[in-house]
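Asker: My questions all concern the structure below.
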Ligand SMILES: [Zn+2]
């Protein structure tokens, strides 16, 4: 079956998008798969998954897994590159697993077998991630950053200070280690006599290194210089930024310092611009709600909100929502902070606070750009809230995000911005509330029988008598750790979420100022699956473990 047809059959592509891509391809001469990706119709990982299914081989998501060093060691880089494969890991004493982008790549299999003297097992990987993963895997093999750091720590044991260049390298390596771990934040935290480096990966802090306090000032000064901050100012917090290009990817680093009793604490947020373009039904929401949500995105006007704390994956859901909208027939304008995924056929803008371009100004300006759909990155003040509501009742579909704990509490949050109850009730279409939970590594997770303790932690009564409507939990999985997951037991994250669809009853409850309890009751009656239930479902399907759900929800 042709790729376009296969994607259509899976519901990832519509006929008019296929035709448009074909027209585009005639002009550019690109491959059809590349064209789909470039136009933002389908992601490269969806294409790889589809090809893998057709060829009957498993798919591996490289954005979630680590390539094992012992496998990389067996195959020289130029050979892997030329033959078009990545060594992934060694299994069972006699097999090497390799990742390919072309399922019938015989050369790759032969090469891998010959050089490793092992049988070859083939997995399909995403074409877009291929080069990046290959380059970085060999780079870190040749530049063992962790060893460099440990060497510097060792040196500090004998001499109180480091030579200037070693200290500069150390600062650089501590940040690079964050890139290697795919961390979203790097923390440099002083204590009374040491400096500790932490990395936030998949939402959780990992302890990286413990270093002699004597280099703290050097590291802090180095980072301050990079981000154009005042080195001599140590008593007040400062904010700055710098960027770093590694293997053709630009990383924007936002630096924040804060004075603590033990010296300056630094947090570096790492923005890699790697938001994924996923389809809304692959995000992890329950299917019934998604199905109803899809029809909402076809509505001409109203407002759809995505709520959740910082780092709960709201942006990914926003992009997935945009894919549901007919971008060819409707004029879509966005204002984001920052643009994380470029989409053809969407007019994307990025806020620029220094120039005075914020969500509110963008919202006002968009009204003169003949819009059908407006995406406002975030509602965080009264003015933006009012613009969003006004646009949605004057014939536009508005998508935005808001900070609130769950779907229902978005209502008082908006009312706090002095939004009229009646206007809100007549414009609100749906609120999606979400969290991200870590997925267990599928290579090493361990199944076990659920214990009394687990049920208690989850707030489910034990001895088999679970409350009505709560799914019975019999088996679950727990993390272990292997080379594919950096020994953490987890790989990547998935959404747990609840979707409140606003029906006539809920509209009425909002406009008459009913209690949140009543609104929530009605939402459940209308089919909302709560965050907690969504989490339990993920435990039952062995996607995540008990502790992770307890931690997040
Ligand atoms: Zn693992």
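The values are calculated or read from the model by the stated rules, or taken from the named source; none is laboratory data. The structure presented is a predicted model; accordingly, all values stated were derived computationally and were not measured. Note that we place each Cβ from the backbone using ideal geometry, even for glycine, and neighbour counts take in every protein chain shown.
Asker: Filter region 230-247 for residues that are within 30 Å of residue 135 (Cβ to Cβ), free of Cβ contacts under 8 Å to residues at least 60 places away in the same chain and loosely packed, with under 15 Cβ neighbours inside 10 Å and give the result.
Answerer: At the first step, the residues of region 230-247 found to be within 30 Å of residue 135 (Cβ to Cβ) are 240-247.
Pick out the ones that are also free of Cβ contacts under 8 Å to residues at least 60 places away in the same chain and you get 240-243, 245.
243, 245 - these are the residues of region 230-247 that are within 30 Å of residue 135 (Cβ to Cβ), free of Cβ contacts under 8 Å to residues at least 60 places away in the same chain and loosely packed, with under 15 Cβ neighbours inside 10 Å.
Asker: Among (1) within 16 Å of the ligand (Cβ to nearest atom); (2) surrounded by 18 or more Cβ atoms within 10 Å (Cβ to Cβ), there is one condition residue 400 misses while meeting the rest; what is its number?
Answerer: All conditions pass for residue 400, except number (1).
Asker: Would you confirm whether or not region 273-282 contains a residue that is more than 15 Å from residue 494 (Cα to Cα) and modelled with pLDDT under 90? Spell out the reasoning first.
Answerer: Going residue by residue through region 273-282, those that are more than 15 Å from residue 494 (Cα to Cα) are 273-274.
Checking the rest, the ones that are also modelled with pLDDT under 90 come to 273-274.
Scanning region 273-282, I find at least one residue that is more than 15 Å from residue 494 (Cα to Cα) and modelled with pLDDT under 90, so the answer is yes.
Asker: Which numbered condition trips up residue 239, out of (1) closer than 27 Å to residue 363 by Cβ; (2) within 20 Å of the chain's Cα centre (by Cα)?
Answerer: (2)
Asker: Determine if region 418-441 includes at least one residue that is part of a loop (DSSP other than H, G, I, E, B), crowded, with 20+ Cβ neighbours inside 10 Å and away from the ligand (no atom under 16 Å from the Cβ).
Answerer: The first filter runs over region 418-441 and keeps only residues part of a loop (DSSP other than H, G, I, E, B), leaving 418-420, 441.
Filter once more, keeping what is crowded, with 20+ Cβ neighbours inside 10 Å: 419, 441.
Still in the list and also away from the ligand (no atom under 16 Å from the Cβ): 419.
Yes, that holds for at least one residue.
Asker: Which one of these is surrounded by 20 or more Cβ atoms within 10 Å (Cβ to Cβ) and at positive phi: 273, 284, 302?
Answerer: On the way: 273 fails: surrounded by 20 or more Cβ atoms within 10 Å (Cβ to Cβ); 302 fails: surrounded by 20 or more Cβ atoms within 10 Å (Cβ to Cβ).
Every option except 284 fails the conditions.
Asker: Moving to a separate point now. Among 333, 343, 327, which is the only one that is farther than 20 Å from residue 433 by Cα and in contact with a helix residue (DSSP H, G or I) (Cβ under 6 Å, 6 or more places away or on another chain)?
Answerer: On the way: 343 fails: in contact with a helix residue (DSSP H, G or I) (Cβ under 6 Å, 6 or more places away or on another chain); 327 fails: in contact with a helix residue (DSSP H, G or I) (Cβ under 6 Å, 6 or more places away or on another chain).
The match here is 333.
Asker: Taking region 515-550, which residues are in contact with a helix residue (DSSP H, G or I) (Cβ under 8 Å, 6 or more places away or on another chain), outside any helix (DSSP H, G or I) and more than 15 Å from residue 431 (Cβ to Cβ)?
Answerer: Listed by number, the residues that qualify are 544, 545.
Asker: Inside region 278-383, counting only helices (runs of 4 or more DSSP H) that do not spill past its ends, which hold 2 or more residues that are assigned by TED's automatic domain parsing to the domain that holds residue 126?
Answerer: Working: elements: 287-296, 314-324, 359-366.
Qualifying helices (runs of 4 or more DSSP H): none found.
Asker: Can you find a residue in region 307-327 that is surrounded by fewer than 17 Cβ atoms within 10 Å (Cβ to Cβ), more than 30 Å from residue 226 (Cβ to Cβ) and at pLDDT below 90?
Answerer: Pass one, region 307-327, residues surrounded by fewer than 17 Cβ atoms within 10 Å (Cβ to Cβ): 309-311, 326.
If we keep only those that are more than 30 Å from residue 226 (Cβ to Cβ) too, we end up with 326.
Filter again for at pLDDT below 90, leaving 326.
There is at least one residue in region 307-327 that is surrounded by fewer than 17 Cβ atoms within 10 Å (Cβ to Cβ), more than 30 Å from residue 226 (Cβ to Cβ) and at pLDDT below 90.
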